[in-house]
Every structure is written in structure tokens, then in C-alpha cells.
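Worksheet: the structure to be examined is printed underneath.
The values are calculated or read from the model by the stated rules, or taken from the named source; none is laboratory data. Here the structure is a predicted model, which means the values were calculated and not measured. Because the Cβ atoms are built from the backbone with ideal geometry, glycine has one as well, and the counts that use them run over all protein chains shown.
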């Protein structure tokens, strides 16, 4: 039987960290700056999250917005269902990705009810089809409704290590993106500004990996919820010095806390791994509930993929020589473009290095590309690695499709499985002795 | 006879089979290299339970993928030598590895060949070289794995066969529009064609065409209550029966296994790279071919113009996100043209039509008014 809730955990009493406060400032500044620059005539690009935003730093007056990130923020602020309904009322199916529905709902309603007053209208849309190909369809809606050009970054799906011919194909499209923006905005691409942006991103990612490494400590120096929320500026501030500095301070502060014995779940009894996008509407409730069970989700495939290549969890190093090639090589950094074998490979590494007791596969109705191989991944995790695992039902941004009772029934069942495994091991040890 | 039996029966006479998904694989190439290609799509007539698939796919995957996994993984017979798949939607791209998991432990496990078809619009990115590289690599892989050889001459012959098949399908589509054959019969024939040897399929199409050609009129009598149907799957037979009972004529289709598949064959050539560059570039628009998005409305308008259809029915497949994103815009544009539209959603267990018959009846009344 899993432990009864422990009401004495320090979790509830944790105040917002310095990094947490800085994160709020960065996000606020990013959106304010975006709106201001757009208003002052900047060329605005809307991008999918894995489109390499460092490219835009090569232009003097190009800004970018990330509808997926804005949708996640909207869900976190509790307006997900409201915006989803607006899209549904315009004929978009409730079975569509909730990020897309939030974004469409927000845009159709002129940014009303958005925590950031929506996004400034774009001059160019750039989607890709490797993270999830429905993004192309989603951006096509604006392309048709508003008559805005749509660039489709076509990236071959990654069943195995990226092939050289695929890398060259991606590189040729980066050149096309640069040419497209040059011709549409009348601005010239500055290679040196771009190089600096890539260096900043790489530095930021190296600190990100240091931050995540705090999870290896027992008890863990972080919860997955810390890493979920701290991902946000990587999407909105990619390529900036501010991002590199923020992640440096975040890592320093976190590791310092570990050395001082400050932990988010001090009585950590169960260390779990999360597989899927975060349920943005549940972060506070879920983390509090788990802490009461002395349970910490210490890592997630969603966050350890940042800065790595397919099948890995360690930082992929930038050689400082060819920034375009580095971006093309890491074009598949997100977990969604990875096939089952590669995802299992990196998951196995994370389970070993973080000493994971159990895995939560969050089956996410809004993200088929992330979810539709989880049944086989779960089987492999339990059968091949002997690690207990459960599947729960979530939706990353539509709170209407989430039932806390059902989720925690499964989570508690997982904790019981972990206990049973530990007891069996202890018995085996005693018998050996 | 179901699809398994049909393929099993064919297996006695043919040496190499290739199971393809999704819908627009390089069939001519496979055929020219001595394979018999089958297209695993629209398996509704054969698969009605998901016992195996449910162990590998969540229930919110579309019925196409669930049936495909069930079909491939629930047979113990070695009916397929190799699978071929290319990139389509977010669900289908996961299937090769899921199928691989299903087939674990099988003695003669078929190999799975995967290919990326470029999805960038030509005016944006030059994709010809990349696609040529993939076609060349595929040919080499087939040659190496199966001891076969590519022949430009045989490739030309295969193109001719597939062109003939596509033209015959167009002829039958006209017969449906003129009420000479029923749409359900036509669907049955096109569906059977996915699992048949091309030569046998042509024979069947020719026999029907020859038998009924005399009834085909050059001048089209545009019926007043007429519709075009659209979707990734053919509609359930019950839906078509109902339309026919309401005296609504299906004068055209935008169905993935039908018009989208047979509308275009490139010119004769012995060069497969050139052929497939044309084939994919000029393919009839389909939501799965991302670069065709801008042409879809024009293609549909053209269909409506040619057939003078008064109504357009979207047969939405439950959980098909690609179709879902396009339908609201298309509906809006068609309504602006004065075309009546109806959007029905069909899920895995909806064959009886109980969920949509009332709406269909109301739509029929509207068309006849």
C-alpha cells in the first residue's frame, strides 16, 4: 500500500524562487516586446516550436511568436476551455489538438481573454511537419483565412539517427527561409548576428542540462513541474543572451539549493518519469497532490530532449564552426519527431541515470504523435526494464478532458506496484542472506 | 471472400507481395520490379473488431489505423513479403514501428521499407533532387533485398497498365453520375482493386465498362438533386443506400481511394525519378499531401462546376485531424457559392448509419426543394 498523504511536506510552503520570479519577468517582457516591436513595424513571423528561431536573430527587425507556447500559457492561466469553445463554435472539431483550438479561438476573437492580449498578426507563417504535421494544417487555416504566406519546413521523420541526405535537405530549406524573409521584409540577413544567437542558445541549453541534472540527486533537487514551466523562455527567447543568463542562474540556484539540502519533496519516496506534454491546467494541483504522497516526478521525456539529439539525453555539442549545420542536426531535438526505438533508447538512459522507480505514460488525446506509441513503450518499460508503469488519460490544454480522480487512482496504483516490487526485492535479499 | 482469402488465393500464383500504406505509394515501380502491390486502406469490410489493435493503439486513433494494425497483426499467414509506407499524418507515421512490435516473434517477419515524400510546395523549396534520391535508394534497396532488377521498359509497361486502370475508373465514375451503376457497386469495385492484381482489376473494370458502355451518354443530364461526396474513406453502404432511396444522385467524388487516387497519371517515361516527381507534384489534392493544400478548393470547385452538383457531403472520419482542419473553410467557401453542405462524422462502429440518418434525410429534403 502506498503511503498515506503527508500533510507536513515543505512543498506547499515553497515560495516562488528567484528563478521563478525571473521567469515571470522574462515571459512578460517577451510578450510586451513582441507587441511593441510589431506595432512599430517589425516583420512578424509565427512559428511552430521546433522551427529554429535563431534564424530570425540574423535580421535586424524580425520578431517571432509561438502559438503553441501561447496556447500552453493560456491553458496554464485557466482560459483553455473558453478559447477551445470559440474554435469549436467556428466549426473546429473538439477532437482537434487543444493547442490548435485555443490558438484558433484566440485569433478568431481578436486576442480577447488571452493572458497576452493574443499575438500580433503575422506577415509570414512557418510550420514544420516533424514535431507534428497537423501544425501545417493549423497554420494553413490562417494562410487561407488571412491570405498570409505559409512556409512549410519539411523534415523527414526520425526512425533512426538522422541521415546526411536529410540534414542537407533541411539545410537547403533554412536557406529558403532566409531568402523568403529577405524578400518579404526587405531586410538583409546578417550571418554574424545569427552566429551569436546560436552560441547563446547552445550556452542556454548547456545550463538547461545542468539544471536538469539536479534531478539525479536523492531526493531530487527539482520536480518535473519546475522544468515544465522553465521551458517557456526557450520558446520565446531563443537565441538571446537573456535566455543563456536565465538558465545559468536557474542551474546555479537549483544546484545551490541541493548543496544546502533544500528539496521540493524532502520526503521523496517515489521517483517517477513522465512521458508526454505537461497538463498545463493541472500543474499546481498535481504537484501538490503528488508531494502529499511523497512522490516526485523528477524527469520527463518532454524536457530532457531539449538540447539533445534523437535517442540521447546528454547535450549535443555545438562545434562553433557551422551554426546552420548545428541547427539542422538538432532539428529533431524535440521528442515527437523520434520513432519508438529512439524514444525507448533515451527513456532507458533517463530511467537509469535518474534512478526512476516508475513511469507515468500520459496518454494525451490532443497529441497523437506523442501518444500513439505509448502502449508499446509501456510494455517495453515493464517487460524489458522491469520498471512499473501506468497509463493515465490527459489533455495538455483542455481541462474539460481531464479527471483528477481517475488519474490519481492510476498513480496510486503505480505507487503500489513500486512498493510490491521493493518488497519482493527485499524478500529476495533476505532469502539470499 | 474477404481480403485475407483474396490475398491468400493470389499468393499461390505470385512470388512477391508488397503491402503499402497510405494511399499513394509508387505502385508502378513495385509492379515493374515483379512485386504485386496491395494498398491497405479502407479495411472496413474485413475488420470489425480491434482485439489486437487495442493492445497497441489508443481508441482515439482513427479507424483506418486501428483496422490496419488489426489486419496486419491478426493473421498468422505469411501473405506479405514486405511493407512499404511513406509519411502522411501524425498517426500513420507511428505505425511502422507499432506494426514491428506486433510482429515480434513472427518467424518470417516482413521487412518494412519507409520513404519520406517531400511535402514542401515546389514554389517554396526545390524538392526534386531529394525525391529522386529517395526513389533511387528505394530501387537499390529492393534490388539488394530481393534480387530483382529495375527495367525502364517494364516500368513503361507498368505505367501503361496503371493509366488504363485509372481511366477505366473515371469511366465508371461517369456511369455512377448517370445512374447506370450504383455508387455502392462502384465503391466495391474500387475497394477490391486495392487488394487485387492490377491485371485482374483491369479485367473486372473492362468487363463492366464493356457491358454498360452503350448506356453512357456524351451529354450529361444534370440531375437537380445531386451531390459530391468527400472523405478519406468511402461512405458506409447504408449512407449511400439512403441517398439513393431519397433519389439523390452522386455525380462526383472527392474520396481518397477514388478520384484522389485515379485522377492523374503522368506521361510515359522509363525514368522513375521523373515519373514520381510529376506524379506527386500534380497529384489530385488530398489533405495528406501537405503541399496540395492551396489547390484543394480549386479542385473541388472544378468538380462542382463540371457536375453541377447542388450539394457537397463531407464524410469525416472520426479523429482524422487533417480533414477536420480543412472542412470549416471548405464548407464556408462552398456555401458562398450556393452549394448546400453537410458534414457527417463516421466512427469505427458507425456502419448502421443510425447516428446521421435524420440529418441526411433533412439534407435530402433541402436538395430537392
Looking at residue B:340, is it within 12 Å of another protein chain (Cβ to nearest Cβ) and in contact with a helix residue (DSSP H, G or I) (Cβ under 8 Å, 6 or more places away or on another chain)?
no
Can you find a residue in the range A:364-372 that is farther than 27 Å from residue A:49 by Cβ and outside the structural domain of residue A:95 (by TED's automatic domain parsing)?
no
Check whether at least one residue in the range A:173-195 is touching a helix residue (DSSP H, G or I) at 6+ places or on another chain (Cβ under 6 Å) and under 22 Å from residue A:25 (Cβ atoms), and report yes or no.
no
For residue A:336, the lone unmet condition from (1) more than 23 Å from residue A:130 (Cα to Cα); (2) facing chain B (nearest Cβ under 9 Å) is (1)
Taking the residues in the range B:129-142 that are out of contact with any strand residue (DSSP E or B) (no Cβ under 6 Å at 6 or more places or on another chain) and without any contact (Cβ under 8 Å) to a residue 24 or more places away in the chain as candidates, determine which candidate is surrounded by the fewest Cβ atoms within 10 Å (Cβ to Cβ).
B:140
Given (1) free of Cβ contacts under 8 Å to residues at least 60 places away in the same chain; (2) at positive phi, residue B:42 misses just (1)
Could you grab me the full set of residues in the range A:134-167 that are touching a residue at least 60 places away in the same chain (Cβ under 8 Å) and outside any helix (DSSP H, G or I)?
A:153, A:155, A:157, A:158, A:159, A:160, A:161, A:162
Kindly indicate whether any position in the range B:69-84 is modelled with pLDDT of 95 or more and either at the interface with another protein chain (Cβ under 9 Å from one of its Cβ atoms) or surrounded by fewer than 19 Cβ atoms within 10 Å (Cβ to Cβ) (or both).
no
Look at residue A:344 and say whether it is touching a helix residue (DSSP H, G or I) at 6+ places or on another chain (Cβ under 6 Å), part of a helix (DSSP H, G or I) and within 12 Å of chain B (Cβ to nearest Cβ).
yes
For the range A:351-368: of the residues being surrounded by fewer than 23 Cβ atoms within 10 Å (Cβ to Cβ) and over 20 Å from residue A:417 (Cα atoms), which is modelled with the lowest pLDDT?
A:365
What's the number of the condition residue A:189 fails, among (1) in contact (Cβ under 8 Å) with a residue 60 or more places away in the chain; (2) farther than 30 Å from residue A:281 by Cβ; (3) in a helix (DSSP H, G or I)?
(3)
Sole residue being surrounded by 15 or more Cβ atoms within 10 Å (Cβ to Cβ), over 13 Å from residue B:229 (Cα atoms), at pLDDT below 95 and within 11 Å of chain A (Cβ to nearest Cβ), chosen from B:319, B:325
B:319
Would you point out the residue of the range A:136-146, among those that are over 19 Å from residue A:176 (Cα atoms) and more than 9 Å from every other protein chain (Cβ to nearest Cβ), that is nearest to the chain's Cα centre (by Cα)?
A:142
Tabulated pairs, the range B:109-123, first within 10 Å of chain A (Cβ to nearest Cβ) and in a loop (DSSP other than H, G, I, E, B), second at pLDDT below 95 and surrounded by fewer than 19 Cβ atoms within 10 Å (Cβ to Cβ), C-beta under 7 angstrom, 6+ apart or interchain:
none
Failed condition for residue B:274, given (1) closer than 30 Å to residue B:128 by Cβ; (2) at pLDDT 95 or above; (3) under 15 Å from the mean Cα position of the chain (by Cα), with all others met?
(3)
Exactly one of B:159, B:99 is crowded, with 20+ Cβ neighbours inside 10 Å and within 14 Å of chain A (Cβ to nearest Cβ), and that one is B:99
When the range A:227-267 is checked residue by residue, the ones that are crowded, with 20+ Cβ neighbours inside 10 Å, more than 14 Å from the chain's Cα centre (by Cα) and within 30 Å of residue A:389 (Cα to Cα) are A:251, A:254, A:263, A:264, A:265
Please determine whether any residue of the range B:120-128 is buried (at least 22 other Cβ atoms within 10 Å of the Cβ) and in contact with a helix residue (DSSP H, G or I) (Cβ under 7 Å, 6 or more places away or on another chain).
yes
Verdict on residue A:174 being crowded, with 23+ Cβ neighbours inside 10 Å, within 14 Å of chain B (Cβ to nearest Cβ) and in a helix (DSSP H, G or I)
no
Screening A:159, A:169 for residues that are within 9 Å of another protein chain (Cβ to nearest Cβ) and surrounded by 22 or more Cβ atoms within 10 Å (Cβ to Cβ) leaves only A:169
Within the range A:120-133, track down each residue that is part of a loop (DSSP other than H, G, I, E, B) and touching a helix residue (DSSP H, G or I) at 6+ places or on another chain (Cβ under 6 Å).
A:120, A:129, A:132
Of the residues in the range A:393-403, those that are surrounded by fewer than 14 Cβ atoms within 10 Å (Cβ to Cβ) and either touching a helix residue (DSSP H, G or I) at 6+ places or on another chain (Cβ under 9 Å) or more than 20 Å from residue A:366 (Cβ to Cβ) (or both) come to A:400
Taking helices (runs of 4 or more DSSP H) that do not extend beyond the range A:356-433, which have at least 3 residues that are within 21 Å of the chain's Cα centre (by Cα), within 29 Å of residue A:87 (Cβ to Cβ) and within 13 Å of chain B (Cβ to nearest Cβ)?
A:368-371
Within the range B:16-29, is there a residue that is surrounded by 22 or more Cβ atoms within 10 Å (Cβ to Cβ), over 17 Å from residue B:261 (Cα atoms), touching a helix residue (DSSP H, G or I) at 6+ places or on another chain (Cβ under 7 Å) and at pLDDT below 90?
no
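Residues checked against (1) crowded, with 21+ Cβ neighbours inside 10 Å; (2) at positive phi; (3) without any contact (Cβ under 8 Å) to a residue 24 or more places away in the chain; (4) part of a helix (DSSP H, G or I):
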site	(1), (2), (3), (4)
B:305	no, no, yes, yes
B:341	no, no, no, no
B:359	no, no, yes, yes
B:366	no, no, no, yes
Looking at (1) under 23 Å from the mean Cα position of the chain (by Cα); (2) in contact (Cβ under 8 Å) with a residue 12 or more places away in the chain; (3) surrounded by fewer than 20 Cβ atoms within 10 Å (Cβ to Cβ), find the lone condition where residue A:52 falls short.
(3)
